[in-house]
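Report on the following structure.
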Amino acid sequence: MNTDHYEILIVGAGISGAALAYELARYTDIKRIAVLEKYEKVAPLNTNGKANSQTIHFGDIETNYTVSKASITKKTAKMVEKYCLQHKLENEVIFSHQKMALGVGDREVEFMLERCEEFKELFPNLQVWDKTHLKTIEPKLVFDENGNERPETIVGIGSIGEWTTVDYGRMTETFIENAKKEPDTQVDLFLNTRVTDIRKLHEGGYQIETAGKHYFADSVVVNAGAHSLFLAHKMGYGLDFATLPMAGSFYMTNQKMLNGKVYMVQNPKLPFAALHGDPDILEHGLTRFGPTALVLPKLERYKPGTYLDFWKTLNFDANIVTIFYDLLKDSDIRNYIFRNFLFEVPYFNKRLFVKDARKIIPSLSVDDIHYAEGFGGVRPQVLDKKERKLMLGEASINTGEGVIFNMTPSPGATSCLGNAKRDVINLCSFLGKTFDLETFEHELVEENLTPSQIDEKLQARYVSEIRAEIHAHEEKHFQNINDGQKLPGYWDKPYSPWRHKRDH
Ligand SMILES: Cc1cc2nc3c(=O)[nH]c(=O)nc-3n(C[C@H](O)[C@H](O)[C@H](O)COP(=O)(O)OP(=O)(O)OC[C@H]3O[C@@H](n4cnc5c(N)ncnc54)[C@H](O)[C@@H]3O)c2cc1C
């Protein structure tokens, strides 16, 4: 056989391409796999540990996830965890921090408590942390710059002792290393090899063109991030879709401020995750705040060029105008976009950003943070021209002819093994190969949840006491709201009396 002929050729050695190579090598009888990457190393772009938030998204602290969405996300997220544990990658690739979603103010607190009840079955380790408890585990959430307790009620709902954080760049390297170790399968990685074209051959299979030479394959999977759709369009596929590159930047604190991940309640109207604070595993635990969300007219961050590729992939027409018009006519989205633009403008950026981040750490000052130069990436959001809307999640074009194109905005790193499984099944069926589902499920699918270790009684008491305080507040001030008068400063009253009652 021609040495440049592969059964499957994967374009892109980010985490999606590498996870697919690993699953094909380990769980199928496919014998020859090639991975082509245009840069000099694997995971150079969005998968790199500096480009993303390093979070395994289970759906417990992401307040925009419904229970049904979280139950799917959790399954694929657990695959990441199981892979890392199977290969003994603890504290090299996968790390454990406490994590929580923080509710601030009455409405958010009530929302979080209700959400916790709804999600408890799916996430039995979820705990409710009131202000007093937060003082011990995440004190910066509670005190302002003068050392006083913040006036609003807050609640943290999260867990301790779970795997939360991944160096997705390093994980990608391990996928390739472990794929290459599989006996009876040849996995070839070609770096500095940019795919310029993919041609369908009359006699079957594909010719893949790069600057230096041609490769041949029975099937091709394009996991080229923002460039997947660019290559799909070149072949005449996915013309009803366009890519909207949403850049995400971060701000880094000058010293460690948080012990774990702190997410916020998300405005459901906004298409991107609310700002959060995370200990950065590549920066000795310094707190990284972000990401911001800015439309950027290029497909890759911190790399030259790709402006033209952006315009080609956007394929500007009246449908795009309609999508933008629909988005921009909503004032919440308009303000969000404008604010995120200002987060990139020197002088204004830090001042504005600190204002938002103070919702997490009330004492945060402009001198505590700096713009994290070299951090961040691009989320290739997909625009559906037929439906005239912005698609929020990932998108995959399976042509049914042996070529697949994947577009993977967040949480694409978390779902890499789940997405790869979907493609493995399709590829095996197309090529008449066998997928060893039993071994796959045994090694990568979570069977039983760990039993809850939490003191249920204490948790129930926290919930009912926080609720009682909110209800007392509503009763007291209901009249004023109805009268249209200004609501008296409920939070003028000290936060603590109800706690004294409970403690004594
Ligand atoms: C700011 C930000 C925060 C995020 N946070 C999280 C998070 O906390 N958790 C999470 O799960 N996800 C997160 N994500 C999403 C996650 O990073 C991506 O979904 C994931 O890395 C996508 O991996 P990928 O392999 O599909 O794409 P990429 O990592 O972009 O890799 C694509 C690869 O294809 C290569 N390539 C492109 N064109 C060609 C070509 N023509 N020939 C050869 N090679 C080519 C590129 O060089 C690149 O290596 C975040 C993303 C951003 C931007």
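What to note about this one:
- Simple spin-label estimate for Asp367 and Lys386 in nanometres, 7 Å along Cα-Cβ: 5.8
- If you plug the beta carbon distance of Asp326 and Leu239 into 1/(1 + (r/R0)^6) with R0 = 25 Å, you get a FRET efficiency near 0.75.
- For the stretch 2-27 versus the stretch 211-267, the gap between their alpha-carbon centres in whole angstrom: 18
- One chain, two ends: Thr196 and Phe338. Fully extended at 0.36 nm per residue, the span grows by 47.5 nm beyond their Cα-Cα distance.
- Cα gyration tensor, the stretch 92-164 - rounded (a/c under 1.5), prolate or oblate: oblate
- Counting only DSSP beta bridges with both residues in the chain, the antiparallel share comes to about 70 percent.
- Taking other Cβ atoms within 10 Å as a rough exposure proxy, Val321, Val104 sort from fewest to most as Val321, Val104.
- The dipole here belongs to the chain: it is taken about the Cα centre, uses +1 on the Cβ of Lys and Arg and -1 on the Cβ of Asp and Glu, and is about 1040 debye.
- Take the Cβ atoms of Asn146 and Glu114, set R0 to 41 Å, and the FRET efficiency comes out at 0.80.
- The chain, relative contact order [Cα under 8 Å, separation at least 6], %: 23
- 222 nm mean residue ellipticity, helices alone, for the chain (DSSP H n ≥ 4; -39,500 (n - 2.57); rounded to 500): -11000 deg cm²/dmol
- Cβ-Cβ FRET estimate between Gln186 and His214, R0 fixed at 22 Å, reported to 0.05: 0.75
- Segment Asn267-Tyr302, length gained on full extension (0.36 nm per residue, minus Cα span): 9.7 nm
- For the stretch 280-297 and the stretch 350-417, distance of Cα centres in Å: 11
- With distances taken between every two different alpha-carbon atoms, the chain has a Kirkwood hydrodynamic radius of 24.3 Å.
- Nearest-ten-degree value, helix 67-86 long axis tilted from longest Cα axis of the chain: 70
- Sorted ascending by nearby beta carbons within 10 Å, beginning with the fewest, Ser415, Ser68 become Ser68, Ser415.
- Global geometry of the stretch 237-309, whether rounded, prolate or oblate, following the gyration tensor of its Cα atoms and the 1.5 cut on a/c: oblate
- Between Val142, Thr174, Leu417, the Cα set farthest toward the positive side of the dipole of the chain (charges on each charged residue's Cβ, about the Cα centre) is that of Val142.
- Length gained when the stretch Arg358-Leu314 is fully extended (0.36 nm per residue, less Cα-Cα span): 12.2 nm
- Prolate/oblate/rounded call for the stretch 378-443, Cα gyration tensor, a/c under 1.5 rounded: oblate
- The stretch 60-208, relative contact order in percent, only Cα pairs under 8 angstrom and at least six apart counted: 28
- Distance between the pseudo-spin-label points of Gln255 and Glu177 (7 Å out from Cα toward the beta carbon): 3.6 nm.
No lab work stands behind these numbers, since they all come straight from the coordinates. Given the structure is predicted, the values throughout are model-derived calculations rather than measurements. When we count neighbours, we look across all protein chains shown, and the Cβ atoms used for this are built from the backbone with ideal geometry, even at glycine.
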